[in-house]
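**Q** One structure, as structure tokens, below. Some questions next.
The values are calculated or read from the model by the stated rules, or taken from the named source; none is laboratory data. This is a predicted model, so every value here is computed, not measured. Backbone-built Cβ (ideal geometry, glycine too); neighbour counts: all protein chains shown. Surface accessibility is based on the protein's heavy atoms, side chains included, excluding ligands, DNA and RNA. Shrake-Rupley method; radii C 1.70, N 1.55, O 1.52, S 1.80 Å.
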Amino acid sequence: MRNLERMWWPCLAIVVLVLPAAAWGADASGVTAEGKQLFQHEFTPGKTAEGGDGLGPVFNHHSCAACHSLAGTGGAGPVDVNAVTLTADLTDRNRMPTRKGLATVLREIHGGFVGERETITPSILLHRFSTDSEYAGLQRELGGPDIPLEPTPQDRNRIQRELARQPKTQVKWPKLITLELTQRNTTALFGAGAIDQIPAAALEALAATQAKKGEVSGRVPPIGLAKVGRFGWRGQTERLHDFVIGACSNELGLEVPGSPQPTDPMRPRYRPGGYDLTAAQCASLTAYVASLPQPKFELPKQAERRALVLQGRSLFDVVGCAACHVERIGPVEGLYSDLLLHDMGTALADPIPAEATFEYHADAPLPKGAAEKVAMTRSENLPLRPRGYYGESSLANLLGGGTSTMIAVNPKTGIRSEFRVVATSVEQEWRTPPLWGVADSAPYLHDGRADSLVDAIALHGGEADASMKKFFELPITERMAVLEFLCCLRAP
Ligand code: HEC
Ligand code: HEC
């Protein structure tokens, strides 16, 4: 088991970046107003006040609001604005060239796979657009879906059908490497501020309760050795602010403090002259997202429907949905999620894994009281630690499953530490999505392949298999009651 309390790393200071509480203090409304304006702002390429280059060179859309649009600004997104990810399959070690050779091969495919000092990122975003007109050719060659910027309803139906039929596509690249394309559905941001406040201990407690009961077995999304993920379909991000600055760069191609814009595959060595947004602007953007109201449970007025909805709510418990979609975590009421990772079965597997869990052993005994003070930072001391598209490790991918041991030596003290990577089905694990607002956020699941609530439920497998089957064994009227209940979980 992961034991964060005993984690200790000598000589490593942790710098925890917290937004000053003052950001939400006296001038909070001014800050969120600026944040709202930035969220809706349509960015364009070109010089910015901070010395940056504006939108791009590669980007997925021109504003946050363009994707987060359903049921109001900050909502979920339709299927056509899905983010597309490109993964190089590096699991077949026998077919791999040497590390240096691998970097060369990957760089020829897309510069984003190879970072500074030849670090390899097996999964990247395949952006939809670029300021470079020749990019479209590369994007097509890599199998990028052809999706118009402003699709008609017919286009949208076609895209939805294609995705449901084939959520993963393989691209054969002549030289050794198989590439796989998968997608990510745009989540709604309502209530994100409340999720950001949920203490890690509350998630640990939920996981412990589930382990005891044995019905389901959620895992706290780990981030490195000492942090807990709260955001993203894989629970891959700890704090709302981290996700917001990641979105600035990954989705819009903005260079912002703490998150560089993605590599332009047409000019891999190009760097912008400065930032596109200041740290204060990024803080405003986060403050705005955090201020978005929580979704509501709306009981219908009409007595008969009301009774049906209440029946549905209790059946939701009875068939075991509530084991994962828990109504409340700590002070956050009506969330319908445990925010834990669950193995959802092979049909929902995706090549960008959830982060593996680490066990840590140090040669030297831990000094008293060290636990609270010191923790391991993410990437610095782990050998072989590539960064994924989300900036996290894809270690499990490289290790090819199973349990592996890695040794890290602290260069200053010479203390040897052993990390055991505990295998779970990292490619099949998803963070339970909060169901608040679910009536207004179709399509569903991590890639948006399900266009209705029933389809989303039908695709539950793995740990949720028993619950899914119980749902479909209910008489039709009772199934309808559960769906009626879900339809009362509305965006604010
Ligand atoms: C091209 C569409 C697109 C654009 C533009 C976009 N997003 Fe997103 N957003 C997504 C997708 C897709 C996800 C889900 C990613 C994941 O979980 O891996 C997401 C997830 C998020 C989340 C995490 C929510 C959660 O509960 O896990 C936040 C916060 C967020 N976006 C904020 C922003 C902000 C702020 C901007 C503008 C700077 C922005 N997004 C621009 C598509 C977009
Ligand atoms: C073992 C935990 C677990 C159980 C039990 C479970 N779910 Fe889920 N549910 C999840 C996870 C994880 C996902 C996301 C899967 C993905 O995106 O690939 C999900 C997704 C959903 C979605 C789509 C939400 C969205 O925003 O895309 C709905 C709706 C849903 N579940 C309803 C139900 C209902 C109804 C039941 C009971 C019949 C149920 N779930 C039982 C874990 C669970």
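**Q** Would you confirm whether any residue within the range 309-328 is in contact with a helix residue (DSSP H, G or I) (Cβ under 7 Å, 6 or more places away or on another chain), open to solvent by 20 Å² or more (accessible area, probe 1.4 Å) and modelled with pLDDT under 95?
**A** No, the range 309-328 contains no residue that is in contact with a helix residue (DSSP H, G or I) (Cβ under 7 Å, 6 or more places away or on another chain), open to solvent by 20 Å² or more (accessible area, probe 1.4 Å) and modelled with pLDDT under 95.
**Q** Among residues belonging to the range 130-160 that are basic (Lys, Arg) and surrounded by 12 or more Cβ atoms within 10 Å (Cβ to Cβ), point out the one that is nearest to PHE43 (Cα to Cα). If you could, list the steps in order and put the result at the bottom.
**A** First, pick out the residues of the range 130-160 that are basic (Lys, Arg): 140, 156, 158.
Then keep just the ones that are surrounded by 12 or more Cβ atoms within 10 Å (Cβ to Cβ); that gives 156, 158.
Details: ARG156: 24, ARG158: 29 Å.
Among those residues, the one meeting the criterion is ARG156.
**Q** Still on this structure: When you check GLN236 against the structure, is it over 30 Å from GLY137 (Cα atoms) and not hydrophobic (A, V, I, L, M, F, W, C), yes or no? Can you show your working first?
**A** Values: over 30 Å from GLY137 (Cα atoms): yes; not hydrophobic (A, V, I, L, M, F, W, C): yes.
So GLN236 passes the test.
**Q** Ok, one more. What number of residues within the range 337-347 are near ligand 2 (Cβ under 10 Å from one of its atoms) and over 18 Å from the mean Cα position of the chain (by Cα)?
**A** Total meeting the criteria: 2.
**Q** Of these, GLU429, GLU473, which one is within 18 Å of the chain's Cα centre (by Cα) and more than 6 Å from ligand 2 (Cβ to nearest atom)? Talk me through it step by step, then tell me what you get.
**A** Numbers: GLU473 fails: within 18 Å of the chain's Cα centre (by Cα).
Only one candidate qualifies: GLU429.
**Q** Which one is nearest to ligand 1 (Cβ to nearest atom), of the residues in the range 260-302 that are open to solvent by less than 20 Å² (accessible area, probe 1.4 Å) and of a type in the set (S, T, N, Q)?
**A** It comes out as THR286.
**Q** Same structure again: Among the residues of the range 34-73, how many are within 19 Å of VAL84 (Cα to Cα) and of a type in the set (Gly, Ala, Ser)?
**A** Here is the first cut: in the range 34-73, the residues within 19 Å of VAL84 (Cα to Cα) are 55-69.
In the following step, the residues that additionally are of a type in the set (Gly, Ala, Ser) were identified as 56, 63, 65-66, 69.
Of the residues in the range 34-73, 5 are within 19 Å of VAL84 (Cα to Cα) and of a type in the set (Gly, Ala, Ser).
**Q** For the range 203-223, state whether one or more residues are of a type in the set (A, V, I, L, M, F, W, C), in contact with a Phe, Trp or Tyr (Cβ under 7 Å, 6 or more places away or on another chain) and surrounded by 15 or more Cβ atoms within 10 Å (Cβ to Cβ).
**A** Initial filter on the range 203-223 (of a type in the set (A, V, I, L, M, F, W, C)): 203, 205-208, 211, 216, 220, 223.
Now drop any that are not in contact with a Phe, Trp or Tyr (Cβ under 7 Å, 6 or more places away or on another chain), which leaves none.
Looking through the range 203-223, none of the residues is of a type in the set (A, V, I, L, M, F, W, C), in contact with a Phe, Trp or Tyr (Cβ under 7 Å, 6 or more places away or on another chain) and surrounded by 15 or more Cβ atoms within 10 Å (Cβ to Cβ).
**Q** When you check GLU116 against the structure, is it at pLDDT 90 or above and either open to solvent by 30 Å² or more (accessible area, probe 1.4 Å) or within 16 Å of ligand 2 (Cβ to nearest atom) (or both), yes or no? Quick ask: steps written out before the conclusion?
**A** On the way: at pLDDT 90 or above: no; either open to solvent by 30 Å² or more (accessible area, probe 1.4 Å) or within 16 Å of ligand 2 (Cβ to nearest atom) (or both): yes.
It is false that GLU116 is at pLDDT 90 or above and either open to solvent by 30 Å² or more (accessible area, probe 1.4 Å) or within 16 Å of ligand 2 (Cβ to nearest atom) (or both).
**Q** Looking at (1) over 26 Å from GLU238 (Cβ atoms); (2) open to solvent by 30 Å² or more (accessible area, probe 1.4 Å); (3) modelled with pLDDT under 95, find the lone condition where HIS62 falls short.
**A** (3)
**Q** Exactly one of these conditions fails for THR357: (1) open to solvent by 30 Å² or more (accessible area, probe 1.4 Å); (2) of a type in the set (Ser, Thr, Tyr); (3) away from ligand 1 (no atom under 14 Å from the Cβ). Give me its number.
**A** All conditions are met except number (1).
**Q** Which one of these does LEU339 not meet: (1) open to solvent by 20 Å² or more (accessible area, probe 1.4 Å); (2) within 15 Å of ligand 1 (Cβ to nearest atom)?
**A** Evaluating LEU339 over (1) open to solvent by 20 Å² or more (accessible area, probe 1.4 Å); (2) within 15 Å of ligand 1 (Cβ to nearest atom) leaves (1) as the failure.
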